[in-house]
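Take a look at the structure below.
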Amino acid sequence: MAIRYLKESKPDSERAEDDAKVRAVVEVTLKDIEARGDAAVRDLSVKFDGYDRESYRLSDEEIQALIAKVSDRDMADIKFAQEQVRNFAKAQRDSMLDIEVETMPGVILGHKNIPVQSVGCYVPGGKFPMVASAHMSVATASVAGVPRIIACTPPFKGEPNPAVIAAMHLGGAHEIYVMGGIQAIGAMAIGTETIDPVHMLVGPGNAFVAEAKRQLFGRVGIDLFAGPTETMVIADETAADGELCATDLLGQAEHGYNSPAVLLTNSEKLARDTLAEIDRLLDIIPTADTARKSWEDYGEVIVCDTYDEMLQVADDIASEHVQVMTDRDDWFLEKMTCYGALFLGPRTNVANGDKVIGTNHTLPTKKAGRYTGGLWVGKFLKTHSYQKVTTDEAAAMIGAYGSRLCMLEGFVGHAEQCNIRVRRYGGINVPYGEGAPYREAAE
């Protein structure tokens with residue numbers, strides 16, 4: 001086995017130091033929000049966003065005025081993208097069925113898929129107005145039937161971004177707030193004097209937003225740990241060249257200064273061509289300052305001898321986005337087990353998934369793809385089971401088994417729950433509290 005790194009990223013020890021600093025800041029900030037509510041949120045908004053207003057919630061009139069600023073072309077594009085997201089979410093929702101089965105005569109078991117009752121959707125937008133994130137969270141929650149959807153986004157260049165607000169409103173948000181960062185996450189989860197807390201938080205964000213969600217998990221539900229964007233390109237010379245690989249890597253590296261981008265290939269020529277193209281493109285693209293820093297600190301180029309080695313490395317990294325351009329794309333689809341989303345073939349790309357094609361772009365990062373997929377309509381639904389026993393015979397029979405199994409564990413009170421049903425519905429007369437005889441009598 002030969003796995004060679006032509007370029008390595010920042011060591012894990014340095015990443016851990018960065019994470020520790022973020023954790024400390026978030027912990028202090030959330031405590032402040034819990035203690036001071038709206039006042040803390042206002043102080044943080046002024047400090048980090050340079051933004052203040054009487055109420056951070058937009059009125060219906062303000063929402064309509066902002067929507068009126070969106071051009072017809074942009075509005076048509078937003079509606080097209082939301083239609084794609086809704087269509088796929090509806091198909092996913094239709095696959096999730098309530099069930100009820102009679103597992104034996106008189107014993108009925110079932111489950112219901114019930115929407116989470118309130119959701120807070122975070123839509124990033126301080127640096128780039130993330131219009132698409134509104135589709136992914138708000139519109140998907142709407143398809144799931146969530147009865148209260150609130151949405152927060154930071155100001156963009158000092159004002160609410162009209163396109164983001166339009167996407168939130170069209171997606172189905174019931175309350176829209178112009179707030180960003182930790183203060184938005186804290187306000188939605190903890191609540192303030194003017195904002196009722198939600199049951200669940202969803203949406204991507206920077207390291208501080210992701211850490212705030214992590215610290216609040218348990219108090220509220222979260223979709224997943226969605227940290228800085230990650231991308232991986234798996235390529236060979238049959239389907240890709242250096243320009244294509246470099247474009248797909250830098251297209252995600254521009255998200256932020258800490259966005260991992262990895263090329264995984266079995267061709268050293270393709271690897272070196274890609275490195276050369278990255279240098280060329282970084283002299284051209286307008287977002288080069290961000291992309292260059294991200295690539296320098298978090299970019300990797302890995303050359304393997306075999307496709308099996310490539311598969312092993314890919315599953316170990318478990319990247320958020322995985323662009324596959326090889327002579328065996330479906331083989332990777334069949335074999336890969338740990339990732340956020342796959343983008344198969346040179347005709348597709350991660351930006352399609354981010355913005356318009358219909359799959360959800362809120363995806364697991366930092367190896368979370370090992371245990372969860374991304375945000376989808378099912379994340380907004382809770383599957384709750386129920387049971388019914390409808391005949392005397394079934395009550396006595398199940399009760400007998402239950403009694404013996406409870407006594408096996410020493411739970412006499414549990415056994416008595418079963419015993420009383422056996423006495424009432426099975427006609428077996430054993431005094432209350434004498435659970436042990438049911439090990440024989442209930443037979």
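The values are calculated or read from the model by the stated rules, or taken from the named source; none is laboratory data. Just so it is clear, the structure is predicted and the values come from calculations on it, not from any experiment. We place every Cβ from the backbone using ideal geometry, glycine too, and count neighbours over all the protein chains shown. Accessible surface areas use protein heavy atoms only, side chains included; no ligands, DNA or RNA. Shrake-Rupley method; radii C 1.70, N 1.55, O 1.52, S 1.80 Å.
Just a few scattered comments:
- Taken as a whole, the structure places Leu109 among residues that are surrounded by 11 or more Cβ atoms within 10 Å (Cβ to Cβ), closer than 30 Å to Gly145 by Cβ and at pLDDT 95 or above.
- Filtering segment 293-313 to residues that are touching a residue at least 12 places away in the same chain (Cβ under 8 Å) and open to solvent by 10 Å² or more (accessible area, probe 1.4 Å) leaves Lys293, Trp295, Asp297, Tyr298, Glu300, Asp305, Thr306, Tyr307, Glu309, Leu311, Val313.
- All positions within segment 344-365 that are open to solvent by 20 Å² or more (accessible area, probe 1.4 Å) and over 14 Å from the mean Cα position of the chain (by Cα): Leu344, Pro346, Arg347, Thr348, Asn349, Ala351, Asn352, Lys355, Val356, Ile357
- Residues satisfying the stated conditions in segment 208-246, i.e. within 16 Å of Val22 (Cα to Cα) and open to solvent by less than 30 Å² (accessible area, probe 1.4 Å): Val209, Ala210, Glu211, Ala212, Lys213, Leu216, Ala226, Gly227, Pro228
- The condition of being touching a residue at least 12 places away in the same chain (Cβ under 8 Å), over 23 Å from Ile67 (Cβ atoms) and among the aliphatic types (A, V, I, L, M) holds for only one of Val143, Val116, that being Val116.
- Only one of the listed residues (Ala91, Ala141) is closer than 17 Å to Gly205 by Cβ and not charged (D, E, K, R). That residue is Ala141.
- Residue among Gly186, Gly125 that is within 27 Å of Val356 (Cβ to Cβ) and surrounded by 18 or more Cβ atoms within 10 Å (Cβ to Cβ): Gly125
- Residue satisfying all of: in segment 366-398; β-branched (Val, Ile, Thr) and part of a loop (DSSP other than H, G, I, E, B); most open to solvent (accessible area, probe 1.4 Å) among these: Thr390
- If you filter segment 1-25 down to residues that are over 28 Å from the mean Cα position of the chain (by Cα) and of a type in the set (Lys, Arg), you find that the one that is surrounded by the fewest Cβ atoms within 10 Å (Cβ to Cβ) is Arg4.
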